[in-house]
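Below: the structure, in C-alpha cells.
Rule-based calculations on the coordinates, nothing more; no lab input. This is a predicted model, so every value here is computed, not measured. As a convention, Cβ positions derive from the backbone with ideal geometry for all residues, glycine included, and neighbour counts pool all protein chains shown.
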Amino acid sequence: MSNVNEAARAVANAKMASDYEAPVGVEDTRSASEVQKDIERVREELTATVNELAAKLDPEVLKEDLKVAAMEKVENVKAKAQALAHDAAAGDKKAIGVIAGVALSVAAIIIRKIVK
C-alpha cells in the first residue's frame, strides 16, 4: 500500500464523523482549492478504510486465520496431553483417572459402533 494510503489510514483512525462537519453557526471560509483538498483527503481515507476491510474479509485471509487458530489449538491440546501423560507416568492419581476415563469413553464408543 502506498504511503499516501498509510498516512490517510492513520488520519482516518484518529477522526470521528463530527470532525468532517462544519460547526453549527460557523461560516465555511475555505477556498475552493481547500475544499477540493479536503475532498481528496477524505476520499483517500475512505479508500484506505475500504481496502483494509476488503483485505480483512478476503476468503483466503479468513481461511489462513482459521488454519492458524486451529493449529494453535492443536498445539495447545497436544501440550496439555503430554503434560497429563507425564503426570500420569509420575504417579499422579488425578492424571491417571483422567486418562482412564478417556480410555473407557473411547472403548465405549468403539464397542457401541461394533454392536450397531
- Task: With no solvent and one equal point scatterer per Cα, compute the Debye intensity ratio I(q)/I(0) for the range 30-116 at 0.15, 0.18, 0.22, 0.25 Å⁻¹ and report its log10, rounded to two decimals.
- Result: -0.83, -0.92, -1.03, -1.10
- Query: Can you give the FRET efficiency for residue 10 and residue 79, using 1/(1 + (r/R0)^6), R0 = 41 Å, r = Cβ-Cβ distance, to the nearest 0.05?
  - Reply: 0.60
- Item | Size of the range 72-116 as Cα extents on the principal axes (Å, biggest first) | 36, 29, 11
